[in-house]
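Notes to accompany the following structure.
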Amino acid sequence: MGAALTIALLLALSVSCARIAAVAMRLTGLPDTVARFQCVSALTGTGFTTGEAEMIVNYPIRRRIVVTLMVLGNLGLVSIASTFIVALVNADSSDGSIAMQAIVLIIAIGLTFLVLEQFMF
């Protein structure tokens with residue numbers, strides 16, 4: 001149960017970081033849709049190479065924001081993976097414990113995305 005809430009909290013923090021970074025990118029003069037997409041791209045490590053990406057690379061403040069998002073994205077991925085692994089290792093050996101942990105995790109992630117969906121896009 002605690003692992004599911006931790007993962008949901010980490011996802012919420014990741015989405016919040018992307019949203020804050022998108023606002024910072026908008027303040028540098030980048031259009032809203034471009035700022036959001038590039039921030040999500042940097043946070044997830046996707047790194048699309050487009051003309052929009054060139055607008056970021058050629059501007060030092062935007063470049064600093066994107067580098068910060070790349071580092072935070074990797075830290076978040078490691079945190080979520082380690083929390084998930086520890087939750088499965090610490091689960092009781094009974095038959096329903098791992099299934100219950102997975103169900104709670106799926107519900108927590110689903111609720112997190114439902115709540116945060118309106119804030120991200």
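222 nm [θ] for the chain, helices only, -39500 (n - 2.57) per DSSP H run of 4+, per residue, to 500? -29000 deg cm²/dmol, from helical runs alone.
Using label points projected 7 Å from each Cα along Cα→Cβ, tell me how many nm separate THR68 and ILE107, to one decimal. Each label point is offset 7 Å from its Cα along the Cβ direction, giving 3.7 nm. The Cα trace of the chain gives Rg and Dmax of 17.0, 56 Å, the first to one decimal, the second as a whole number. Along the Cα-to-C-beta direction of THR46, a point sits 7 Å from the Cα; which residues of segment 1-18 have their amide N less than 20 Å from that point? Only 11-18 pass the distance filter. A simple count of charges around GLN38, restricted to other residues whose Cβ falls under 14 Å of its Cβ and scoring Lys, Arg +1 and Asp, Glu -1, yields +3.
For the chain, with every protein chain kept in place, what is the accessible area per residue (1.4 Å probe, Å²)?
63
Using a 1.4 Å probe over the heavy atoms of the protein chains, calculate the carbon and sulfur portion of the accessible area of the chain as a whole percent. Roughly 72 percent of what the probe reaches on the chain is carbon or sulfur.
Computed from label points 7 Å out along Cα-Cβ, the spacing between ILE85 and GLU54 is 4.1 nm.
The values are calculated or read from the model by the stated rules, or taken from the named source; none is laboratory data. Given the structure is predicted, the values throughout are model-derived calculations rather than measurements. Cβ sites come from the backbone with ideal geometry, for glycine too, and all protein chains shown count toward neighbours. Surface accessibility is based on the protein's heavy atoms, side chains included, excluding ligands, DNA and RNA. Shrake-Rupley method; radii C 1.70, N 1.55, O 1.52, S 1.80 Å.
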